[in-house]
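Below: the structure, in structure tokens.
The values are calculated or read from the model by the stated rules, or taken from the named source; none is laboratory data. The structure displayed is predicted, hence computed values, not measured ones. Neighbour counts are summed over all protein chains in view; Cβ atoms, including those assigned to glycine, are modelled from backbone coordinates with ideal geometry.
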Amino acid sequence: MYLGMKKIFIPLAAGLFTLGLASCSSCSDENKGNHDGAEGKGGVYMGGVMRMNEVEAFKSLNPIAVNEIVGFHIGGQLFEGLVKFDQNDLSIKPAIARSWESNANQTEWTFHIRQGVKFHADACFPDGKGRTVTANDIKLCYEKLCTADPNNAQFDVTFKDRVVGANEAFASSKAGKNIPVSGIKVIDDTTLVISLKDPFAGFLNIVAMPGCWVYPKEAIDKYGVDLRIHPVGTGPFYLETVKEGEVLIMKKNQDYYGVDKDGNKLPYLDGLKYTFIREKKAEILEFKSGNLDMVYRLPVEIFHEIMGDLEHAKDRKTEFQILNSTAFNTNYLGFNNTSAVFNKKEVRLAFNFAIDRQKIADFTIQGEGNSADYGIVPYVEAFEKDGYDFKGLKGYTLDVAKAKEYLKKAGFADGKGFPKVTLEINGGGGDRNILIAEVVQKMLKENLNVDIEINTVPLAEHLENVTSGKSDFFRLAWIADYPDPETFLTIFYGKHVPAGATEKSFINYTRFKNARFDSLFAASFTEPDKAKRYAMLAKAEQVLLDEAPFMPIFYDENFRLEQLNVRNFPENAMNYMDLSVVYLIPKDKMPKK
């Protein structure tokens with residue numbers, strides 16, 4: 001595949017996915033004032049505040065409402081579920097559950113709760129102190145997940161169609177009656193059993209998702225809808241201060257159960273500080289000034305300047321570390337398939353064949369990603385080895401003659417009579433979104449003679465418009481919830497489309513429905529053989545490509561800059577962050593070069 005740039009890789013870890021780190025050779029004097037801790041056992045350093053930035057404000061920290069990357073990053077430090085991902089290789093590791101087992105056909109999962117896990121100290125508790133988590137707390141959260149709520153963005157991708165009684169509980173709650181989820185049973189305070197409708201070997205991936213994070217009933221009762229900014233979890237950090245859109249500060253959870261292999265209590269850090277500088281150039285300047293310890297995503301305008309440091313990292317001194325990995329992230333333009341314009345397949349196909357994805361990858365994003373040649377599922381070597389037939393998929397390449405023919409079949413020969421359409425994009429993250437939108441706008445005009453307007457809105461407003469069906473043509477990116485092709489294809493599953501035209505569609509943003517796709521996708525749920533399951537999913541993706549409910553644009557690459565004193569913070573394909581194990585070396589302890 002074309003990567004758009006030369007890369008230097010030094011392996012970090014052996015696992016399912018390949019990660020890379022460019023080693024750097026000198027120490028920066030810019031990292032000041034964020035550490036005055038002491039060295040622990042095993043050479044790790046205890047203390048310090050990790051300083052990071054997000055270019056968008058979070059939408060919600062209520063676990064069932066998390067549906068964007070900022071909430072995922074921040075919430076993942078405040079909450080935990082029964083299990084969580086390992087940030088080295090995205091394998092599943094214990095969290096609130098110390099262990100688990102399943103029956104022979106993987107339809108019944110028994111989780112053994114770790115003793116002594118406590119919720120954060122918070123005013124929602126009578127004495128202000130966090131209490132011990134029990135299996136009943138987890139059952140409560142899972143039943144909340146299976147309850148109809150305008151902000152519930154997690155049910156469709158977690159327990160729906162999987163857990164026994166989940167669909168019935170959700171439907172009952174829509175009618176105003178709450179019933180228990182029959183497939184969730186509390187055996188005792190430390191034992192929980194979950195029964196599935198069908199065998200599903202990947203169920204632990206689901207349990208690691210935000211919708212399955214654990215929080216107390218007391219917080220629900222006290223904060224209600226304001227739970228979005230009053231998170232009370234069991235994670236390694238608790239929320240001390242939040243000024244939305246400005247700053248968010250977390251402090252070390254002294255009651256956190258975690259310890260490392262040497263017996264040091266986790267987290268190592270004293271706290272986390274998130275700022276919300278919206279402009280990437282300003283963010284990079286803050287990083288270079290030593291006021292941020294890490295940034296991810298690089299602006300197109302300075303991409304090659306920064307990556308030049310990577311290319312020559314072995315030949316000269318650098319002031320920071322650069323990490324990168326293949327990303328489980330597809331950037332695409334979506335069509336509202338129920339709209340008057342885009343309910344015609346021929347229009348959607350015309351748009352897809354009218355743009356040059358390779359040119360966008362080469363010149364517009366300048367090597368920041370790879371052209372989306374396969375569809376919604378980005379190429380992953382491990383997927384291909386397990387049976388996902390990427391090479392057999394027939395995607396889209398620039399074909400102006402074919403694009404014009406499809407538009408003619410739709411009744412708009414040479415673009416005549418085609419209505420003016422607005423492409424809605426979200427701001428933030430530098431100029432990448434607008435640059436791509438402008439190039440697509442130009443290509444559609446030159447190749448199809450159709451006029452596209454561009455409207456840029458804040459992310460929260462954008463998500464509201466898209467999920468509510470108010471946008472007919474929109475920019476989105478889908479980041480994997482877990483390492484499996486299914487997590488990409490689920491956003492086109494017809495059962496995720498609500499009955500009402502204006503009812504929020506949190507997962508199937510395009511409101512696409514196709515019986516053949518749904519049949520193949522649903523059949524994969526119960527197929528125990530991974531190779532056969534992946535073959536089904538690849539066939540389902542070909543249906544998507546034939547029906548064109550979206551326009552795949554490019555597959556992202558993760559690039560992260562870190563100060564030289566940051567340790568134990570590897571990059572991974574999901575950009576998953578576990579800051580409980582990250583530490584900072586004090587400036588005066590850094591090796592001199």
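Just a few scattered comments:
- Residue within the stretch 104-126 that is closer than 29 Å to Ala171 by Cβ, in a loop (DSSP other than H, G, I, E, B) and free of Cβ contacts under 8 Å to residues at least 12 places away in the same chain present: no
- Screening Lys41, Lys32 for residues that are modelled with pLDDT under 95 and under 24 Å from Lys280 (Cβ atoms) leaves exactly one candidate, Lys32.
- Condition met for Val133 (under 22 Å from Lys495 (Cβ atoms), among the β-branched types (Val, Ile, Thr) and crowded, with 19+ Cβ neighbours inside 10 Å): no
- Wholly enclosed strands (runs of 3 or more DSSP E) of the stretch 264-338 bearing at least 3 residues at pLDDT 80 or above and farther than 30 Å from Lys243 by Cα: 320-335
- Of all residues assigned to the stretch 458-466, at least one qualifies as being surrounded by fewer than 20 Cβ atoms within 10 Å (Cβ to Cβ) and either touching a Leu at 6+ places or on another chain (Cβ under 9 Å) or part of a loop (DSSP other than H, G, I, E, B) (or both).
- Note on the stretch 139-251: enclosed strands (runs of 3 or more DSSP E) holding 1 or more residues that are more than 17 Å from Leu61 (Cβ to Cβ) and touching an Asp or Glu at 6+ places or on another chain (Cβ under 6 Å) are 191-195.
- Qualifying residue in the stretch 542-556 (condition: more than 30 Å from Ala340 (Cβ to Cβ) and in a strand (DSSP E or B)): yes
- Enumeration of residues in the stretch 243-265 that are hydrophobic (A, V, I, L, M, F, W, C) and crowded, with 19+ Cβ neighbours inside 10 Å: Leu248, Met250
- Residue that is nearest to Ala354 (Cα to Cα), among those in the stretch 578-593 that are assigned to a loop (DSSP other than H, G, I, E, B) and at pLDDT 95 or above: Asp578
- In a residue-by-residue description of the stretch 522-530, the property of being charged (D, E, K, R), over 23 Å from His496 (Cα atoms) and part of a strand (DSSP E or B) applies to no position.
- Taking each residue of the stretch 442-467 that is within 24 Å of Val497 (Cα to Cα) and looking for partners that are hydrophobic (A, V, I, L, M, F, W, C) and modelled with pLDDT of 95 or more with beta-carbon atoms closer than 7 Å, six or more apart or interchain, yields Val466/Phe474; Val466/Leu476.
Residues are listed down the side, and each one gets a yes or a no for (1) surrounded by fewer than 21 Cβ atoms within 10 Å (Cβ to Cβ); (2) in the same structural domain as Cys124 (by TED's automatic domain parsing); (3) in contact with a Cys (Cβ under 7 Å, 6 or more places away or on another chain); (4) among the hydroxyl-bearing types (Ser, Thr, Tyr):
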residue: Phe159; (1), (2), (3), (4): no, yes, yes, no
residue: Ala169; (1), (2), (3), (4): no, yes, yes, no
residue: Val181; (1), (2), (3), (4): no, yes, yes, no
residue: Pro199; (1), (2), (3), (4): yes, yes, no, no
residue: Val207; (1), (2), (3), (4): no, yes, no, no
residue: Cys212; (1), (2), (3), (4): no, yes, no, no
residue: Tyr215; (1), (2), (3), (4): no, yes, yes, yes
residue: Pro236; (1), (2), (3), (4): no, no, no, no
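- Selection status of Ala350, among the small types (Gly, Ala, Ser) and either more than 27 Å from Met443 (Cβ to Cβ) or modelled with pLDDT of 95 or more (or both): yes
- The listed residue being within 19 Å of Phe203 (Cβ to Cβ), in the same structural domain as Asn178 (by TED's automatic domain parsing) and surrounded by fewer than 22 Cβ atoms within 10 Å (Cβ to Cβ), out of Gln154, Gln106, Gln115: Gln106
- Matching residues, the stretch 411-430, being out of contact with any strand residue (DSSP E or B) (no Cβ under 9 Å at 6 or more places or on another chain), surrounded by 18 or more Cβ atoms within 10 Å (Cβ to Cβ) and farther than 30 Å from Val295 by Cα: Phe412, Phe418
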